[in-house]
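See structure below.
The values are calculated or read from the model by the stated rules, or taken from the named source; none is laboratory data. For clarity, every value in this text was computed on a predicted model and none was experimentally measured. In this analysis, Cβ positions are derived from the backbone assuming ideal geometry, glycine residues included, and neighbour counts consider all displayed protein chains.
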Ligand code: NAD
């Protein structure tokens, strides 16, 4: 069996799906590995390091696409690459099956089997394969570092002979994986941190990191959906959060906002009035930008200055920390492959909850019901 590792082709992508350190366990099973030349360079892995780990390095991307039986990727290959895949191959990665299912049609028709890291069920057994959490951790950290870099103030309180400098005040909205990492990072830099989440259960985690949890009375509305996620709120409940955010923004130097509801556009929580209430020089980092953003002024991918406030809307912070983002992602992929590959062959139990949950398409058909429905809609509107 041949496993291929490609140089990611999406604009701005610097991560790689597997690093040389990941190859030992695969080689031990007799799996051959072909790496596109330069695949790991921006993530700190040279062609020589892959070769030393037992891979053959090949400059011919198309040859790898045509021959690989197993293709772990960061992002979905584009349509031209999909058309070159070996029929029957297995592709695993962040394939965006719910956001952009139409972009997978060439691969589905080839047919190749598609497994999405976004769809790996978030159950305890699959925690070591949870690539969304890995990337959210990196993004939460990077959001604080980026804000600290741009803020015209220091984060920690300093007592000097020239007087005392007060600590920066950071407000984190959404205390999930990214938000909790942002809180921990901001605290380590010495900031005073407040956080808000609709899930009351997040309060204890926020407090355990030394931050203040801001409670909002949602009038008895159930804010917890399934699987530890937030539910989509009514406009009235959202408004109560927006009021709190506007009040808190007025004394915050930095806002890191991460609120998301799975499968839905990000809730619009930060009004223009909240941005206007902040001091010039303040920084807002909207980590929900890929899902449209939490701020009504956000333009995904674009940094703006609004009345002196910097509003960042990054689409791919993990790609700005490619070494560790790739390391975490590669381990998630390797653990996932542990379920799928036995003795060097693709032979896992495909009825297993994790493999079945992550499977997008097999044998030329979408097997995930939500993807199938979305593709029907796409076909009708064609
Ligand atoms: P997410 O990215 O979907 O959302 C981020 C945060 O935004 C969540 O905490 C959510 O409650 C919050 N949010 C949504 N709407 C909001 C609103 N209107 N106002 C304020 N906050 C709002 O979530 P995530 O970070 O991927 O994870 C969320 C939960 O899932 C957490 O409880 C986490 O511990 C849990 N989780 C479990 C596992 C596992 O068991 N394997 C893995 C990862 C996460």
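Scanning segment 190-202 for residues that are surrounded by fewer than 18 Cβ atoms within 10 Å (Cβ to Cβ) and within 13 Å of the ligand (Cβ to nearest atom) yields 199, 200, 201.
One residue alone among 207, 187, 242 is part of a helix (DSSP H, G or I), touching a strand residue (DSSP E or B) at 6+ places or on another chain (Cβ under 9 Å), away from the ligand (no atom under 12 Å from the Cβ) and over 20 Å from residue 145 (Cα atoms), and that residue is 207.
What about residue 254, is it more than 12 Å from the ligand (Cβ to nearest atom), in contact (Cβ under 8 Å) with a residue 60 or more places away in the chain and under 18 Å from the mean Cα position of the chain (by Cα)? No, not satisfied. Take segment 161-174 and flag every residue that is within 26 Å of the chain's Cα centre (by Cα) and crowded, with 24+ Cβ neighbours inside 10 Å. Listed by number, the residues that qualify are 170, 171, 172, 173, 174.
For first residues located in segment 260-278 and more than 14 Å from residue 296 (Cβ to Cβ), partners that are within 13 Å of the ligand (Cβ to nearest atom) and in a helix (DSSP H, G or I) and lie 6+ apart or on another chain with Cβ distances below 6 Å form the pairs 260/291. Restricting attention to segment 190-204, the residues that are touching a residue at least 40 places away in the same chain (Cβ under 8 Å), part of a loop (DSSP other than H, G, I, E, B) and under 22 Å from residue 151 (Cβ atoms) total 1.
Within segment 260-276, one or more residues are closer than 27 Å to residue 166 by Cα and within 11 Å of the ligand (Cβ to nearest atom). Within segment 314-371, being touching a strand residue (DSSP E or B) at 6+ places or on another chain (Cβ under 8 Å) and free of Cβ contacts under 8 Å to residues at least 40 places away in the same chain holds for 347, 348, 350, 367. Residues considered: 170, 138. Of these, the only one that is touching a strand residue (DSSP E or B) at 6+ places or on another chain (Cβ under 6 Å) and either touching a residue at least 24 places away in the same chain (Cβ under 8 Å) or in a loop (DSSP other than H, G, I, E, B) (or both) is 170. For segment 154-173, the condition holds for at least one residue, the condition being that it is in contact with a helix residue (DSSP H, G or I) (Cβ under 6 Å, 6 or more places away or on another chain), under 17 Å from residue 209 (Cβ atoms) and within 14 Å of the ligand (Cβ to nearest atom). Do we find that residue 288 is within 9 Å of the ligand (Cβ to nearest atom), closer than 19 Å to residue 180 by Cβ, modelled with pLDDT of 95 or more and within 19 Å of the chain's Cα centre (by Cα) in this structure? For residue 288, the condition - within 9 Å of the ligand (Cβ to nearest atom), closer than 19 Å to residue 180 by Cβ, modelled with pLDDT of 95 or more and within 19 Å of the chain's Cα centre (by Cα) - is met. Considering the conditions (1) surrounded by 14 or more Cβ atoms within 10 Å (Cβ to Cβ); (2) within 22 Å of residue 346 (Cβ to Cβ), residue 56 is excluded by exactly one of them, (1). Residue 254: under 22 Å from residue 97 (Cβ atoms) and touching a strand residue (DSSP E or B) at 6+ places or on another chain (Cβ under 6 Å), yes or no? No; evaluated as a whole, the condition is false for this residue. Among the residues of segment 174-184, those that are in contact with a strand residue (DSSP E or B) (Cβ under 6 Å, 6 or more places away or on another chain) and within 9 Å of the ligand (Cβ to nearest atom) comprise 175, 179.
Out of 132, 158, 151, 180, one residue alone is modelled with pLDDT of 95 or more, over 12 Å from residue 287 (Cα atoms) and buried (at least 24 other Cβ atoms within 10 Å of the Cβ). It is 180. A count restricted to segment 210-239 and to residues that are out of contact with any strand residue (DSSP E or B) (no Cβ under 7 Å at 6 or more places or on another chain) and at pLDDT 95 or above stands at 1.
Of all the criteria given as (1) modelled with pLDDT of 95 or more; (2) out of contact with any helix residue (DSSP H, G or I) (no Cβ under 6 Å at 6 or more places or on another chain); (3) surrounded by fewer than 23 Cβ atoms within 10 Å (Cβ to Cβ), the one not satisfied by residue 263 is (1). Restricting attention to segment 210-233, the residues that are in a helix (DSSP H, G or I) and either under 23 Å from residue 146 (Cβ atoms) or near the ligand (Cβ under 8 Å from one of its atoms) (or both) total 2.
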